[in-house]
Amino acid sequence: MLYAQNNKGIKKSNPDEIEALYKQKAQYKLIGFTPYLYIHYIGKAYFDTLKIQKKIAKTEQKYDKKIAQPGLKDKKYIKLEDKKEAKLKDLYTTLNDGNWLMASFGEYPSILDTNNLNKSREQIKVYLHTHGFFRSKVEYKIDTFRRRCRVQYLISEGPRYRIKQIEYDILDSNLLSIVQQHPSSKLKPQEFYEEKQFEIERDRLFKLIKNNGYYDFTKLYIQFKVDTSNSNHQVKLITQILNPEKGHHSVYHFRNVYYIPNAGNNSIASVDTFHAPVGIHFLNYSKKYNTKILSYKIFIRPNGLYKQDSVQRSQQLLGGMDMYRFVNLNMVKNKTNDSLDVYIYTSPHKKYQITQEYGINVIQGLVPGPYLSISFRDRNIFNNYEIFDITGRFSIDGQPAVLENNKALQTIEWSVTAGLTFPQLFFPTKIRFKSSKYNPRTRLSISYNSVDRPEYKRTGFRAQYSYLWNKDDRHYYNLTPIDINVINSDIKMQEFADYLEELRAQGNNLYISFLPSLVTNLNFSYTFTTQVLGVTKPDFFVRPYIEIGGIVPYLFATHVAKSTNNELFGLQYYQYVKLQIDVRHYRPLSKKAVFASRLYSGIALPYGESGIKQNGSYVLPYEKYFFSGGNNSIRAWRYRRLGPGTYIDESNPYGLEQPGEILIELNLEWRQKMYKFIEGAYFIDIGNVWTIAKQATRPGAEFKYFASLPDMAVGSGVGLRFNFSFLIVRFDLAWKVWDPSKSLDNRFVLLQKNYSAPLLNFSIGYPF
């Protein structure tokens with residue numbers, strides 16, 4: 001059995017990348033034991049191949065008998081054949097791979113195979129060669145103890161070669177000029193030899209050439225020659241671009257551009273054609289679509305040079321309008337000259353669409369409850385590619401009581417949102433059209449929301465005006481210059497009113513957050529993501545966000561209404577700045593395991609006269625505070641109950657929601673596929689919230705920079721997830737490890753007796 005394998009002699013190479021080349025994996029070990037192997041043998045003890053073979057034969061006979069029935073209809077016949085095939089497939093998989101305990105939870109024994117060792121040695125040697133170690137040597141030795149084998153790869157890297165000079169061998173003078181005008185930023189003299197950079201350079205040259213009119217050009221014409229005859233461990237790199245066997249590479253221009261709005265139902269010879277000023281032929285034209293908007297979505301122009309980027313971006317922008325089921329661009333070469341006719345085929349979505357969504361609302365509630373959402377969409381409502389949508393949502397669940405920790409109170413929430421999205425930026429300059437390459441959209445929306453709890457009822461009317469655009473599939477931007485929210489709160493529970501009044505008497509102005517309010521802000525967010533569906537690789541996600549509130553109400557109240565105390569028309573308004581950032585990283589460890597991490601941090605700063613500072617502190621709108629604890633936060637603490645800082649209400653520990661102006665959270669999670677749709681997880685959550693200034697009502701809540709590091713709560717636990725692709729059901733069991741509410745020498749609470757029991761979190765979806 002291959003018990004362990006490692007390598008020796010690596011000085012400059014990446015050990016992790018070399019270990020990934022091992023053709024045979026060693027047995028998994030945990031503190032010297034092989035638990036998955038033991039599980040495999042337990043399953044094998046109950047594995048009866050003869051029984052499975054009999055079941056296969058019985059299944060075949062059962063379905064063959066049903067299929068052989070006289071008068072069987074085709075539909076029924078196909079259904080029985082499919083069932084038979086599915087049943088037999090599962091049985092043969094079990095026969096070949098073993099039962100679920102052997103194949104999924106267990107691990108097959110890794111029997112040493114010297115053929116795999118030789119393949120691994122050759123792969124390592126190839127790897128070293130591609131990284132410039134041309135004189136490397138790789139051997140292996142095997143140490144045996146009883147029935148266990150340890151393999152060690154003995155690696156001598158040798159000197160690493162550098163690139164001495166780069167030359168071009170390009171017969172086509174026009175191509176040579178293009179390449180020389182755009183030198184590589186990766187391949188440079190004196191850089192280490194790296195063959196992976198060659199593929200990057202090949203892609204760069206291919207894209208460069210295709211964007212300069214060479215429609216027929218392929219990557220096969222780009223080759224690299226390496227001359228290692230030079231001394232001093234240096235190489236000469238020659239970049240070749242070959243000519244076709246016959247003739248030369250041709251430069252193409254666009255001749256005619258045809259737009260066909262309803263592929264399959266239109267004729268190119270239609271007389272109902274509109275010739276746009278930019279030269280595009282819009283076939284089967286009617287006033288039901290705006291040719292000017294389409295012209296700025298299409299970056300292909302008659303007599304223009306062929307550019308691959310223009311073709312791809314045109315298809316992306318047309319597809320991103322949510323107007324078409326598909327968008328196809330076909331190029332037809334003309335026989336008389338080097339030109340292309342472009343045919344843009346589109347097939348529209350249905351004009352009207354109704355969708356509904358329903359399920360269980362368990363995001364942060366103590367008791368799950370049902371929700372229902374219904375949406376209506378009208379495409380091209382004013383014949384300018386606008387999208388009108390209206391959505392209604394209703395939900396009931398058991399949210400944690402504001403004044404008690406474990407008590408769940410019925411929360412009824414409903415909302416109605418209407419929006420209108422335009423396929424361009426509504427801005428009083430030519431930027432509305434010149435920005436077309438960034439897929440711009442403008443969205444207007446209004447909504448009404450109601451949250452009805454036993455303590456209070458909070459309603460809000462909101463209006464937003466937003467600009468959205470994206471540079472490509474990685475960079476997304478959202479600017480909302482107008483965000484107005486009118487909020488009204490009705491305190492229904494006397495105990496909650498008494499609690500706010502008690503805080504007010506102590507100098508805490510939290511009560512102001514429940515006054516009739518006018519919350520306005522300007523906000524901007526940027527999202528960067530490297531995630532590609534269906535591709536297993538390290539992924540990053542970064543989303544910074546900035547929000548500035550109260551500018552317009554302050555100017556109007558100060559210079560027009562002449563009101564004071566941050567009031568306008570009898571409504572409390574707030575001046576604040578809010579900054580936050582969400583950074584995530586997903587690193588695959590194997591085909592079945594992923595290490596996920598997230599850093600989430602933010603700060604909200606009230607300023608001006610916001611909050612009527614009278615022997616107390618400035619306040620924010622209640623929705624703008626940060627909270628910590630819950631299913632998607634620090635899972636060992638109840639929802640919104642952690643912190644702030646070291647503060648805890650001894651009379652009601654973790655019983656109240658604890659708002660703060662500063663938040664820092666770090667989540668680490670190892671996710672492992674266990675059996676088909678069942679996944680396991682181990683996680684560590686670190687974080688807390690703090691206040692900006694001291695508060696007499698919450699001692700220890702103030703943020704003190706590095707001195708606040710010991711105030712970070714730590715929770716850890718294990719999780720079980722049922723991944724049904726369309727739905728992920730999550731159970732996380734979390735223990736408190738480090739409790740900042742304790743004295744500094746008593747904060748490690750994991751092993752303390754009589755400490756709080758683990759907290760079970762139930763939710764839908766991954767925590768991040």
Problem - Residues with amide H under 5 Å from that of residue 304, placed H, sequence gap 5 or more - result: 254
Practice task
Find how much the distance from residue 461 to residue 231 grows on full extension, using 0.36 nm per residue of separation minus their present alpha carbon separation; answer in nm with one decimal.
Solution key: 75.2 nm
Exercise for the section: Return the label of the correct value of percent of Cα pairs over 51 Å apart, as calculated from the structure shown, out of (1) 36; (2) 24; (3) 17. Expected result: (1)
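How charged is the neighbourhood of residue 710? Take every other residue with its Cβ under 12 Å from the Cβ of residue 710, and add Lys/Arg as +1 and Asp/Glu as -1.
Details: positive: 704, 742, 747; negative: 711, 739, 745.
For residues surrounding residue 710, the net value is 0.
May I ask you to derive the FRET efficiency for residue 224 and residue 143 from their Cβ-Cβ distance with R0 = 35 Å, giving the value to the nearest 0.05?
Values: r = 41 Å, r/R0 = 1.19.
For R0 = 35 Å, the calculated efficiency reads 0.25.
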Practice task
Give a residue-ordered list of calculated ³J(HN,Hα) values for segment 39-46 (Karplus: 6.51 cos²θ - 1.76 cosθ + 1.60, θ = phi - 60°; whole Hz; x for Gly, Pro).
Solution key: 4, 4, 6, 5, x, 5, 5, 9
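Just the C-alpha atoms of segment 2-156: what Rg/Rh do they give, with Rh taken as the Kirkwood radius?
Numbers: Rg = 23.7 Å, Rh = 19.5 Å.
My calculation of the ratio gives 1.22.
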Completion exercise
Expressed in nanometres to one decimal, the distance between label points 7 Å along Cα→Cβ at residue 491 and residue 410 is 2.4
Practice task
Give me the distance in nm between label points sitting 7 Å out from Cα along the Cα-to-Cβ direction at residue 238 and residue 115, one decimal.
Solution key: 4.0
Completion exercise
Which residues qualify? For residue 582, with a placed amide H closer than 5 Å and at least 5 residues away or on another chain, they are 543
Problem - Summed residue charge, Cβ within 11 Å of residue 293's Cβ, Lys/Arg positive, Asp/Glu negative - result: +2
Practice task
Compute the FRET efficiency between residue 652 and residue 720 as 1/(1 + (r/R0)^6), taking r as their Cβ-Cβ distance and R0 = 25 Å, and round to the nearest 0.05.
Solution key: 0.20
Handout entry: Extension gain (nm, one decimal) between residue 431 and residue 762, 0.36 nm per residue minus Cα-Cα
Key = 114.4 nm
Practice task
Would you mind telling me the antiparallel percentage of the DSSP bridges in segment 2-156, rounded to 5?
Solution key: 60
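Please give me the summed charge of the neighbours of residue 389: other residues whose Cβ is under 11 Å from its Cβ, Lys and Arg +1, Asp and Glu -1.
Details: positive: 377, 379, 443; negative: 322, 378, 386.
Residues close to residue 389 contribute a combined charge of 0.
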Practice task
Would you kindly derive the ³J(HN,Hα) couplings of segment 585-591 from the backbone phi angles with the Karplus curve 6.51 cos²θ - 1.76 cosθ + 1.60 (θ = phi - 60°), listing them in order in whole Hz, with x for Gly and Pro?
Solution key: 9, 10, 10, x, 9, 6, 5
Fill in the blank from the handout: Rounded to one decimal in nm, the spacing of the 7 Å Cα→Cβ label points at residue 551 and residue 527 is 2.4
Exercise for the section: Calculate one ³J(HN,Hα) per residue across segment 301-313 by plugging θ = phi - 60° into the Karplus curve 6.51 cos²θ - 1.76 cosθ + 1.60, and present them in order as whole Hz with x for glycine and proline. Expected result: 10, x, 6, x, 5, 5, 9, 4, 4, 5, 5, 5, 5
Problem - Whole-angstrom gap from segment 699-768 to segment 197-237, using each part's C-alpha centre - result: 52
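Find how much the distance from residue 97 to residue 28 grows on full extension, using 0.36 nm per residue of separation minus their present alpha carbon separation; answer in nm with one decimal.
Details: separation 69, 0.36 × 69 = 24.84 nm, distance 1.85 nm.
Once the chain is fully extended between residue 97 and residue 28, it gains 23.0 nm.
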Fill in the blank from the handout: Note to self, the chain gives a 222 nm [θ] from helices alone (DSSP H runs n ≥ 4, -39500 (n - 2.57) apiece, / all residues, nearest 500) of -5500 deg cm²/dmol
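So if we plug the beta-carbon distance of residue 450 and residue 731 into 1/(1 + (r/R0)^6) with R0 = 35 Å, what FRET efficiency do we get, rounded to 0.05? Numbers along the way, then the final one.
Working: r = 31 Å, r/R0 = 0.89.
My answer for the efficiency is 0.65.
Where a number appears in this text, it was derived from the coordinates with a stated rule and is not lab data. Remember, it's a predicted structure, so these values are computed and weren't measured experimentally. Backbone-built Cβ (ideal geometry, glycine too); neighbour counts: all protein chains shown.
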